[in-house]
1. Condition test on residue 8, is it surrounded by 11 or more Cβ atoms within 10 Å (Cβ to Cβ), within 30 Å of residue 115 (Cβ to Cβ) and under 13 Å from the mean Cα position of the chain (by Cα)?
2. Out of everything in the stretch 96-121 that is surrounded by 12 or more Cβ atoms within 10 Å (Cβ to Cβ) and at pLDDT below 80, what residue ends up being nearest to residue 74 (Cα to Cα)?
3. Could you please let me know if residue 91 is free of Cβ contacts under 8 Å to residues at least 24 places away in the same chain and either surrounded by 16 or more Cβ atoms within 10 Å (Cβ to Cβ) or not in a strand (DSSP E or B) (or both)?
4. Counting only residues that are farther than 21 Å from residue 90 by Cβ and outside any helix (DSSP H, G or I), how many does the stretch 15-34 have?
5. What residue, among those in the stretch 20-39 that are without any contact (Cβ under 8 Å) to a residue 24 or more places away in the chain and within 16 Å of residue 79 (Cβ to Cβ), is surrounded by the most Cβ atoms within 10 Å (Cβ to Cβ)?
6. Which residue, of 57, 66, 8, 19, is modelled with pLDDT of 95 or more and out of contact with any helix residue (DSSP H, G or I) (no Cβ under 8 Å at 6 or more places or on another chain)?
């Protein structure tokens, strides 16, 4: 199984289910996984305000063959940049240069205590 959360920045407009479904379809095609079974679950906004989906792809086909993920990070990144430009979304930073987002637990603790963990965005 492949699990990929796909989100937009909190400053971007909320996207409808039709747009998110299109994102799921585009993503699996771009990664060459369009022959695999997949599902996208739209969660709405996260604790930090990001509208998002969780895309889950079964990597084992009905014929028993395992899908290949060759260059999947590069392909996913190229797709994300293309979508950001096409829909005029907030641009993500260069891969590997940013700080990580808080986990739900860290976010809740920070809200409760008023203190953010070190190194958090």
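The values are calculated or read from the model by the stated rules, or taken from the named source; none is laboratory data. Predicted model only: the values in this text are computed from it and were never measured. Because the Cβ atoms are built from the backbone with ideal geometry, glycine has one as well, and the counts that use them run over all protein chains shown.
1. Details: surrounded by 11 or more Cβ atoms within 10 Å (Cβ to Cβ): yes; within 30 Å of residue 115 (Cβ to Cβ): yes; under 13 Å from the mean Cα position of the chain (by Cα): yes.
For residue 8, the condition - surrounded by 11 or more Cβ atoms within 10 Å (Cβ to Cβ), within 30 Å of residue 115 (Cβ to Cβ) and under 13 Å from the mean Cα position of the chain (by Cα) - is met.
2. Among residues in the stretch 96-121 that are surrounded by 12 or more Cβ atoms within 10 Å (Cβ to Cβ) and at pLDDT below 80, the one nearest to residue 74 (Cα to Cα) is 101.
3. Answer is yes for this residue.
4. 4
5. Checked the stretch 20-39; the qualifying residue surrounded by the most Cβ atoms within 10 Å (Cβ to Cβ) is 38.
6. Result of the check over 57, 66, 8, 19: 66.
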